[in-house]
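Enquirer: Pasting a structure below so you can have a look.
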Amino acid sequence: MTEPTSNGMKKHVATYTAAEPTEISSILAGGYHHPLLREWQNERQLTKKQLIYPLFITDNADEETEIASLPGQKRWGVNKVVPYVEELVKKGLKAVILFGVPLAEGVKDPVATAADDPNGPVILAIKALSKACKDLFIMCDVCMCEYTSHGHCGVLREDGTLNREESVRRLAAIAVNYARAGAHSVAPSDMVDGRIRAIKRGLIDAGLAHKCMLMSYSAKFSGNLYGPFRDAADSAPSFGDRKCYQLPPSGRGLARRAIERDLAEGADAIMVKPSTFYLDIISDAKDIARNVPICCYQVSGEFAMLHAAAEKGVVDLKIIAFEATYGCLRAGASLVISYFTPDFLEWLEE
Ligand code: PBG
Ligand code: ZN
């Protein structure tokens with residue numbers, strides 16, 4: 001078909017006849033009109049195997065206390081956490097990550113002695129959980145902030161800055177003691193430079209490196225999303241902040257360098273944290289660390305925000321939990337640490 005143009009020339013205009021079967025690529029709906037087809041669009045499927053559930057363990061063995069700022073989450077004593085986790089395992093829970101919350105008076109000191117106390121909450125919980133749940137994968141967060149009198153993640157110098165050498169020595173000792181107690185994985189979240197090498201060295205020297213996965217919180221950003229966790233773990237710094245060891249939110253290049261470095265230092269898996277606000281970093285991690293699993297941590301502030309929004313009627317909790325988690329998978333994560341894990345065990349079939 002032709003039609004006149006302003007300069008009097010004839011111009012060819014496309015028509016959609018059977019003879020010219022063009023432009024049909026715009027009909028996308030055929031590809032997702034059925035619920036199964038919508039599942040088939042997933043490049044990565046969310047399953048129970050990919051979820052890691054964070055647990056807060058206190059030194060009072062019979063404690064079971066709701067954490068106000070983390071809906072549905074509790075601080076658990078060792079005696080109480082075992083039956084709780086046994087029930088979750090029946091529903092398909094595969095992995096947990098343990099955080100210690102020492103509440104006893106006077107237990108915190110400048111070098112986090114309580115972190116690897118053989119009678120402290122984490123080591124007792126590793127032993128109790130591995131005995132009760134044979135197939136459960138037990139990870140331990142490795143950090144000092146829950147146990148230091150100053151609330152920072154390492155050993156400090158007199159001027160209040162991190163003492164790197166002392167910190168990595170202490171962190172390696174803590175990690176090795178968790179592995180010795182039976183942890184299947186240690187995950188250092190302190191962000192002190194060089195701790196992956198020190199921990200790997202420690203695991204090798206202790207003869208444990210072959211049975212303990214070292215997952216590095218490589219790309220962990222400082223920011224405003226850890227508040228509820230610090231309430232839960234009583235781990236807020238008593239002065240200053242963590243901006244000189246956790247990465248600045250705009251530090252994409254620093255995150256890439258940290259991932260490369262931690263791989264070179266012996267990390268078996270790489271973590272990005274937080275998750276939803278850092279999907280570009282997850283994608284970078286997937287790209288840079290192609291040969292190891294990529295994990296992301298949907299942190300306490302993200303979880304609490306989604307709950308708050310659901311309570312306000314802004315979102316539906318279940319739908320938004322799936323949407324947020326699928327964002328992480330699309331970006332490149334294959335593992336997700338999530339406070340939604342008990343919910344997903346109800347929501348997912350496998
Ligand atoms: C300890 C640690 C923190 C989190 C995991 N490990 C807190 C922090 O760095 O201040 C945060 C987890 C969350 O917010 O859910 N270093
Ligand atoms: Zn810390």
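The values are calculated or read from the model by the stated rules, or taken from the named source; none is laboratory data. For clarity, every value in this text was computed on a predicted model and none was experimentally measured. Every residue, glycine among them, receives a Cβ derived from its backbone with ideal geometry; neighbour counts consider all protein chains shown.
Enquirer: Go through segment 256-273 and count every residue that is more than 16 Å from ligand 1 (Cβ to nearest atom), of a type in the set (Lys, Arg) and outside any helix (DSSP H, G or I).
Expert: Selection size over segment 256-273: 0.
For every residue, the table says whether it meets (1) modelled with pLDDT under 95; (2) within 21 Å of residue 228 (Cα to Cα).
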| site | (1), (2) |
| --- | --- |
| 8 | yes, no |
| 15 | yes, no |
| 48 | no, no |
| 54 | no, yes |
| 65 | no, yes |
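Enquirer: Which one of 279, 306 is surrounded by fewer than 19 Cβ atoms within 10 Å (Cβ to Cβ), of a type outside the set (Phe, Trp, Tyr) and either over 25 Å from residue 56 (Cβ atoms) or within 14 Å of ligand 1 (Cβ to nearest atom) (or both)?
Expert: So the residue among 279, 306 that is surrounded by fewer than 19 Cβ atoms within 10 Å (Cβ to Cβ), of a type outside the set (Phe, Trp, Tyr) and either over 25 Å from residue 56 (Cβ atoms) or within 14 Å of ligand 1 (Cβ to nearest atom) (or both) is 279.
Enquirer: Given the condition away from ligand 1 (no atom under 16 Å from the Cβ), in contact with a Gly (Cβ under 9 Å, 6 or more places away or on another chain) and aliphatic (A, V, I, L, M), answer yes or no: does some residue in segment 174-187 qualify?
Expert: Step one: of segment 174-187, the residues away from ligand 1 (no atom under 16 Å from the Cβ) are 176-177, 179-182, 184.
Imposing the further condition that a residue be in contact with a Gly (Cβ under 9 Å, 6 or more places away or on another chain) reduces the set to 176, 179.
Next cut, aliphatic (A, V, I, L, M) only: 176, 179.
Yes, that holds for at least one residue.
Enquirer: Going through segment 128-149 one residue at a time, which ones are within 13 Å of ligand 1 (Cβ to nearest atom) and either among the charged types (D, E, K, R) or out of contact with any helix residue (DSSP H, G or I) (no Cβ under 7 Å at 6 or more places or on another chain) (or both)?
Expert: First, the residues of segment 128-149 that are within 13 Å of ligand 1 (Cβ to nearest atom): 139-148.
Passing the criteria: 139, 141, 143, 145, 146, 148.
Enquirer: Still on this structure, I have one more. Might you let me know whether segment 192-203 holds any residue that is over 11 Å from residue 266 (Cβ atoms) and within 11 Å of ligand 1 (Cβ to nearest atom)?
Expert: Yes; the residues of segment 192-203 include at least one that is over 11 Å from residue 266 (Cβ atoms) and within 11 Å of ligand 1 (Cβ to nearest atom).
The rows are residues; the columns are (1) surrounded by fewer than 24 Cβ atoms within 10 Å (Cβ to Cβ); (2) closer than 18 Å to residue 155 by Cβ; (3) touching a Cys at 6+ places or on another chain (Cβ under 7 Å).
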position	(1), (2), (3)
190	no, yes, yes
197	yes, yes, no
200	yes, no, no
205	yes, no, no
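Enquirer: One residue is enough: does segment 320-338 have a residue meeting the conditions surrounded by fewer than 18 Cβ atoms within 10 Å (Cβ to Cβ) and β-branched (Val, Ile, Thr)?
Expert: yes
Enquirer: From the list 108, 90, 74, 127, pick out the single residue that is free of Cβ contacts under 8 Å to residues at least 40 places away in the same chain, farther than 21 Å from residue 335 by Cα and among the basic types (Lys, Arg).
Expert: The unique qualifying residue is 74.
Enquirer: Here's a follow-up. Has segment 222-237 got any residue that is away from ligand 1 (no atom under 11 Å from the Cβ) and within 24 Å of residue 276 (Cα to Cα)?
Expert: No, there is no match, as no residue in segment 222-237 is away from ligand 1 (no atom under 11 Å from the Cβ) and within 24 Å of residue 276 (Cα to Cα).
Enquirer: Let me ask another. Could you list, in sequence order, all residues of segment 146-167 that are buried (at least 21 other Cβ atoms within 10 Å of the Cβ) and under 22 Å from the mean Cα position of the chain (by Cα)?
Expert: Correct list: 146, 147, 152, 153, 154.
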